[in-house]
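Taken together, the values in this text are just the output of simple stated rules run on the coordinates, not laboratory data. A quick note: this is a predicted structure, and the numbers were derived from the prediction, not measured. All Cβ positions, even for glycine, are placed from backbone atoms using ideal geometry, and neighbour counts span all protein chains on display.
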Amino acid sequence: MRYTIPVAFAAATLAVAGFAQTTHTPPLASGASPAPSALQTFTDNCAACHQPDGKGIRGAFPALAGSTLVTGKPAGAILVVLNGRGGMPAFKGDLTNAQIATALTFVRTSWGNAATPVTPAQVAALRTGDAPDPSSKKPIQAN
Ligand code: HEC
């Protein structure tokens, strides 16, 4: 279906690239590569819904790539992640300020998004209630 052309292209590229493909990592970001821990934080907590390419799933999970809420003032996205909104779960009981800052910095600087990083202090300023214990890392599952 919509993957026909990219798959055909990838197959042709693979045939030409040969063994070089085994060490090739597809770029996720069009700008600077984020740190692995940032990618991991996004992958563990957000990618199930918003997808590894940040494009979401139409009609269910909004795209973070190109979202003006994501790339606008940090408070908008921080509040969505802390408190949830609609079908988006609240993360304030599961992720530390640093983890939320890391995930949001990743989405603000990936897939062509080019906004400023989010700091743990910015998250802390908007958080109500206690942060979770940083040692109890509980991955969120899509449901
Ligand atoms: C269980 C699925 C799910 C997970 C996991 C999830 N989200 Fe979401 N997210 C949603 C849905 C659904 C919405 C739309 C909410 C609404 O209807 O207002 C959303 C909306 C958002 C928005 C607002 C986008 C916009 O343009 O308005 C941001 C930012 C966001 N999510 C970031 C994240 C981040 C960062 C994570 C990981 C920490 C995450 N989400 C994890 C389902 C999810």
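Brief remarks on what is shown
- The slack between ALA90 and SER37, meaning 0.36 nm per residue of separation minus the straight C-alpha distance, is 17.0 nm.
- Working ranking of peptides 125-132, 72-79, 41-48 by packing, defined as the average number of other Cβ atoms within 10 Å per residue, highest first, is 41-48, 72-79, 125-132.
- Average Cα contact separation per residue, region 69-135, under 8 Å, 6 or more apart, as relative contact order %: 34
- Derived scalar couplings ³J(HN,Hα) [region 44-52; Karplus, 6.51 cos²θ - 1.76 cosθ + 1.60; whole Hz; x for Gly, Pro]: 5, 10, 10, 5, 4, 9, 7, 6, x
- For VAL118, the residues 5 or more places off, or on other chains, whose built amide H falls under 5 Å of its own are THR105.
- Normalised contact order of region 28-126, rounded percent, pairs of Cα under 8 Å and 6 or more residues apart: 32
- Integer Hz, Karplus 6.51/-1.76/1.60 couplings in order for region 93-106, x for Gly and Pro: x, 10, 10, 6, 4, 5, 5, 5, 4, 5, 4, 6, 4, 4
- Derived value for region 28-126: Kirkwood hydrodynamic radius 13.1 Å. Basis is the mean of 1/r over every pair of different alpha-carbon atoms.
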